[in-house]
Amino acid sequence: MNESAKNSFQTRKAKPSDLAAIKSGLIDSWTEHARREPTLLDEEQMRNVGVESYYKDAFESDKTFVFVAEVDGKFAGVQRADIQEIPHFYKDNKILYLDDAYVSPEFRGQGIIGALIKEVEKVAKERGIKRIQTRVYTYNKPMQRALEKLGYHMPHSSWDKLV
Ligand SMILES: CC(C)(COP(=O)(O)OP(=O)(O)OC[C@H]1O[C@@H](n2cnc3c(N)ncnc32)[C@H](O)[C@@H]1OP(=O)(O)O)[C@@H](O)C(=O)NCCC(=O)NCCS
């Protein structure tokens, strides 16, 4: 459990009954990504992602971890992480990959995503996983800032061109 000075928030494992709130937040985030990066993403396509089946699999998998934050019982944010294998030339090739980070606009700026990521870091420690990775779009300064505050760094970037 975590608490902040502004709103008292709590973190816990997500349950299937959180799905509607998670879905609404993720569609909000994904459509925003599409508006910011329209060369790569389509807003309508993002709106129609099958969040229910994607998360049904997540709740049943022993390789996926979903945490939510609440303020007074109200959904405030979500962070998902999946165990993944990355190429063997890396020193640590079993990683936890952070996906689906979202905090409701009214609760941003209070470190809620940091508290959720710390829950994922606890999972990593429990399972002997040494590396956590994520992808953040260049425009997304709030997420970059949140990760910096937690001690993450950006060892490389991806480059794109449509041909
Ligand atoms: C990115 C996001 C998850 C960060 O969550 P958060 O709990 O607000 O994170 P933090 O409290 O650590 O704040 C991070 C930065 O956001 C910015 N921020 C602060 N208040 C904010 C607000 N009300 N609205 C937007 N951004 C704000 C600040 O730059 C802050 O850094 P600072 O603490 O050095 O001032 C959240 O902004 C969000 O859900 N954005 C939309 C979805 C998204 O982009 N997800 C990430 C995909 S990779």
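May I ask you to list the lysines whose Cα is less than 27 Å away from that of LYS161, ignoring any residue fewer than eight positions away on the same chain?
In chain and number order, the partners are LYS141.
Counting only helical runs of four or more DSSP H residues, what would the 222 nm mean residue ellipticity of the chain come to if each run contributes -39,500 (n - 2.57) and the total is spread over all its residues?
Here the helix-only value at 222 nm equals -10500 deg cm²/dmol.
Want the number for GLN84 to ARG127: 0.36 nm per residue separation, take away the alpha-carbon distance, what's left?
Values: separation 43, 0.36 × 43 = 15.48 nm, distance 1.28 nm.
Full-extension gain reported as 14.2 nm.
Can you tell me the dipole magnitude for the chain around its Cα centre, using point charges on the Cβ only (Lys, Arg +1; Asp, Glu -1), in Debye to the nearest 20?
My answer is approximately 580 debye.
If the label point is 7 Å along Cα→Cβ of HIS153, which residues in region 115-139 have backbone nitrogen under 19 Å from it?
Residues 130-136 qualify, since their backbone N sits under 19 Å from the label point.
Give me, ordered by chain and number, the residues 5 or more places off ALA76 or on other chains with an amide H under 5 Å from its own placed amide H.
Here ALA69, GLU70, VAL71 satisfy the definition.
Where does each of VAL163, VAL66 land when they are ranked from fewest to most other beta-carbon atoms within 10 angstrom?
VAL163, VAL66
Based only on the alpha carbon positions, what is the Kirkwood hydrodynamic radius of region 1-84, in angstrom? Numbers along the way, then the final one.
Values: mean 1/r = 0.0713 Å⁻¹.
Hydrodynamic radius (Kirkwood, Cα only) of region 1-84 equals 14.0 Å.
Among the aspartates and glutamates, which have Cα under 14 Å from the Cα of LYS74 when same-chain residues fewer than 8 positions away are ignored?
ASP18, GLU106
Sorted by average packing, counted as other Cβ atoms within 10 angstrom per residue and highest first, what order do 74-80, 41-47, 102-108 take? Intermediate values should be presented prior to the final figure.
Numbers: 74-80: 22.9, 41-47: 12.9, 102-108: 18.1.
Going by the mean number of other Cβ atoms within 10 Å, highest first, we get 74-80, 102-108, 41-47.
If N is the number of residues in region 80-137, what value comes out of its Cα radius of gyration divided by 2.2 N^0.38 Å?
Compactness ratio reported: 1.25.
Expressed as a fraction of 2.2 N^0.38 Å, the rule-of-thumb size for a compact globular protein of N residues, what is the C-alpha radius of gyration of the chain?
This ratio for the chain stands at 1.04.
Quote the relative contact order of the chain in percent (integer), defining contacts as alpha-carbon pairs under 8 Å separated by 6+ residues.
20 percent
Give me the extension gain from ASP92 to LYS161: residue separation times 0.36 nm, minus the current Cα-Cα distance, reported in nm with one decimal.
Taking 0.36 nm per residue and subtracting the Cα distance, the gain is 21.9 nm.
Straight-line reach only, C-alpha to C-alpha below 18 angstrom: list the lysines that LYS122 could link to, leaving out same-chain residues fewer than 8 apart.
Filter leaves LYS13, LYS63, LYS94, LYS130, LYS149.
No value in this document is a laboratory result; all are computed from the given coordinates. Since the structure is predicted, the reported quantities are computational estimates derived from the model, not experimental observations. With ideal geometry, Cβ positions are generated from the backbone for all residues, glycine too; neighbour counts draw on all protein chains shown.
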